[in-house]
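A.B. asks: Please find one structure pasted underneath; my questions will follow.
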Amino acid sequence: MLTISASQSPQPGNGSRFCDGHTRRDFLRIGGLALGGASLPQLLAAQAGGAATGALGNAKSVIMIFLPGGPSHQDIFDLKPDAPSEVRGEFNPISTNVDGVRITELLPKLATRMDRCTLIRSMVECDSRHDAFQCLTGRPFANQPPGGWPAFGSVVSSLQGQRTEQLPAFVGLAPKMGHMPWARCGEPGFLGVRHAPFEPNKGGAGEDMTLNGVSLERLADRRALLQGFDRFRREVDASGIMGGLDVFNQQAFGVLTSSKLVDALDVSKEDARWLERYGKGDAKNRDDGGPKLMTHFLAARRLVEAGARVVTVAFSRWDHHGENFAALRQDLPLLDQGLTALLDDLRDRGLEKDVAVVVWGEFGRTPVINKNAGRDHWPRVSCALLAGGAFRHGQVIGATDRTGGEATERPVKFGEVFATLYHHLGIDASLDTVADLAGRPQYLVEPGCMPLRELV
C-alpha cells in the first residue's frame, strides 16, 4: 500500500487526528498496491482488456450504502402505527413531500426530499446471515460457483474498466469492524483479484511505499504533500525504473503518484459549509460494528465525481437485539444528515441523474419487540431506499402486512435492484455476461430478475 510516514504526533496522545476525531491516515492512506492480493498493474491490465461493453466514456456511477446488522424496517421506512403495542414501536410516522408516503419522525430531512427517492418496502429472500455479501452481489451466499460470486463493483470493473487512468473503477470505503463480514467492500469472486475494490481504509498485504520526506505532521500542508509526490516521481524517472516497466506498471505509478486519488479522498479540501452539512459523526466502533463516519458519504461523492464507477460505504451498526429505540435515536439523525447532504451535494453539482444511490441492510427485524426492547433477525422481508440515477422517483414499491412481517404487494428480489443499477450504468443484465473460472458465461443476476419496471 502507499502510506505516509508518521514520525511524531502534532498533539500528544491524539493519534494524529483531525479536529473532528478522524485520523489523517483514514483519509490519506492509499490502500493496497495489493488490492486484496492483486497488484495495481494487474487491475489496470484487466480493466483495459475487459471493457467488453465499450462503455468507457459512460459517466454513470453507483454509490452503495450498507447498514450493517439489519436495520429495523418497522421503525424507519415502514411504520405500523395501528399495530398492537408490542409491534408498533416508540416512533411516530411523519408525512413527506410525497402525498401518502410517511416515514419515521427521526428522518425529517429525508422526508422533505422523498420526491427524489423511492422506497422499497417489500425486499424478500434475504439471507439470514450477518454479512454484506447479498447487498454487494445480489446473490445468496449459499451454493456459489467455484471462486464465488463477484461483487457488483467487480462486475462493473470487468465490463467497463476505468473511466479515468488516475482512479480505479471500484473503490470500497468500509472501515475495519469487529465483525468483518459487515466490513466487506465487495469481493471479486471468480473474476479474480484483479477486479477487487481499491480499499483505502484497510491495510493490505504487500510492502509499503512511503513518500520520503513527507511525515504525517506535514500532511496539513497540502503543498508539501504535492511536492512529495512530485519529488517521488522525479526520483523514479531519474532512476530509469519507469523506462523498464510495461505500460500497466506505468499506469499504476500514475494512479499512486497522481494527486487525483489523494484529492478525492482528502475531504478537508471541501468548503467548510459542506463539511458542516455532512457532519462529523463518531469515529469509534460500537461493539462489533462500524463507526459513524459521516465523511465517508462525502468521500463517496468526491470519488464518483473524480471518476470512480462504483463506491461502497458501510455506516454504523444496526443489529439491535436490545435497546433498539435508544440506538436508533442516536443513529437515524446522523444517517438523515449524511444521506441528505449527499443527495443535495449530487444535485447541486449536476450529478444527481448520473449517480444512483442505494441504501439497505442484509435483512429486516422481527415484528414483535422482545423483552430487551429490541428486535431480532427477520429475513422474510426488509426495506431499501433508491435515489438519483434518473429513475422515476417519488413513490413506494411494495407493501407489508399490518405487522410488517410479510410482503403482501410486489415482493422485490435483490437481483431486481441489481438489474436496475446495471441498467443505470448502461449494462443489460439479461444479455451481458462474465466468464467464470471455467470460461463459462455467467449472467449478472439470478434468472427472471429484470430492472424494476416502476423505475426505468
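The values are calculated or read from the model by the stated rules, or taken from the named source; none is laboratory data. Keep in mind it's a predicted model, so treat the numbers as computed, not measured. Every residue, glycine as well, gets a Cβ built from its backbone with ideal geometry; the counts of neighbours run over all protein chains shown.
A.B. asks: Among strands (runs of 3 or more DSSP E) lying entirely in the stretch 373-456, which contain 3 or more residues that are touching a helix residue (DSSP H, G or I) at 6+ places or on another chain (Cβ under 7 Å) and buried (at least 22 other Cβ atoms within 10 Å of the Cβ)? Please lay out each step first, then the result.
C.D. replies: Details: elements: 382-388, 395-397, 407-409, 433-435, 441-443.
Per the criteria, 382-388.
A.B. asks: Condition test on ASP99, is it in a loop (DSSP other than H, G, I, E, B), surrounded by fewer than 23 Cβ atoms within 10 Å (Cβ to Cβ), modelled with pLDDT of 95 or more and among the acidic types (Asp, Glu)? Give the derivation first.
C.D. replies: Values: in a loop (DSSP other than H, G, I, E, B): yes; surrounded by fewer than 23 Cβ atoms within 10 Å (Cβ to Cβ): yes; modelled with pLDDT of 95 or more: yes; among the acidic types (Asp, Glu): yes.
Answer is yes for this residue.
A.B. asks: Can we say GLY350 is free of Cβ contacts under 8 Å to residues at least 12 places away in the same chain, surrounded by fewer than 24 Cβ atoms within 10 Å (Cβ to Cβ) and over 23 Å from the mean Cα position of the chain (by Cα)? First the steps, then the outcome.
C.D. replies: Numbers: free of Cβ contacts under 8 Å to residues at least 12 places away in the same chain: yes; surrounded by fewer than 24 Cβ atoms within 10 Å (Cβ to Cβ): yes; over 23 Å from the mean Cα position of the chain (by Cα): no.
Against the criterion (free of Cβ contacts under 8 Å to residues at least 12 places away in the same chain, surrounded by fewer than 24 Cβ atoms within 10 Å (Cβ to Cβ) and over 23 Å from the mean Cα position of the chain (by Cα)), GLY350 does not qualify.
A.B. asks: Evaluate the following for LEU334: is it touching a strand residue (DSSP E or B) at 6+ places or on another chain (Cβ under 7 Å) and within 15 Å of GLU270 (Cβ to Cβ)?
C.D. replies: no
To keep it simple, each residue is scored yes or no on (1) in a helix (DSSP H, G or I); (2) surrounded by 15 or more Cβ atoms within 10 Å (Cβ to Cβ).
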site: LEU79; (1), (2): no, yes
site: GLU86; (1), (2): yes, no
site: LEU106; (1), (2): no, yes
site: LEU110; (1), (2): yes, yes
site: ARG129; (1), (2): no, yes
site: ALA142; (1), (2): no, no
site: PRO146; (1), (2): no, no
site: GLY153; (1), (2): yes, yes
site: VAL156; (1), (2): yes, yes
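A.B. asks: Among the residues of the stretch 337-347, is there at least one that is of a type in the set (A, V, I, L, M, F, W, C), surrounded by fewer than 20 Cβ atoms within 10 Å (Cβ to Cβ) and in contact with a strand residue (DSSP E or B) (Cβ under 9 Å, 6 or more places away or on another chain)?
C.D. replies: Here is the first cut: in the stretch 337-347, the residues of a type in the set (A, V, I, L, M, F, W, C) are 339, 341-343, 346.
Next, from what is left, pick out any that are surrounded by fewer than 20 Cβ atoms within 10 Å (Cβ to Cβ): none.
Taking every residue of the stretch 337-347 in turn, none turns out to be of a type in the set (A, V, I, L, M, F, W, C), surrounded by fewer than 20 Cβ atoms within 10 Å (Cβ to Cβ) and in contact with a strand residue (DSSP E or B) (Cβ under 9 Å, 6 or more places away or on another chain).
A.B. asks: With respect to the numbered conditions (1) closer than 15 Å to PRO333 by Cβ; (2) in contact with a helix residue (DSSP H, G or I) (Cβ under 7 Å, 6 or more places away or on another chain); (3) charged (D, E, K, R), which one is the sole condition not fulfilled by GLU105?
C.D. replies: All conditions pass for GLU105, except number (2).
A.B. asks: Provide a single number: the residues in the stretch 384-405 that are within 19 Å of HIS321 (Cβ to Cβ) and either without any contact (Cβ under 8 Å) to a residue 40 or more places away in the chain or in contact with an Asp or Glu (Cβ under 6 Å, 6 or more places away or on another chain) (or both).
C.D. replies: Applying the first criterion (within 19 Å of HIS321 (Cβ to Cβ)) to the stretch 384-405 yields 403-405.
When the remaining residues are screened for being either without any contact (Cβ under 8 Å) to a residue 40 or more places away in the chain or in contact with an Asp or Glu (Cβ under 6 Å, 6 or more places away or on another chain) (or both), the result is 404-405.
Total satisfying the criteria: 2.
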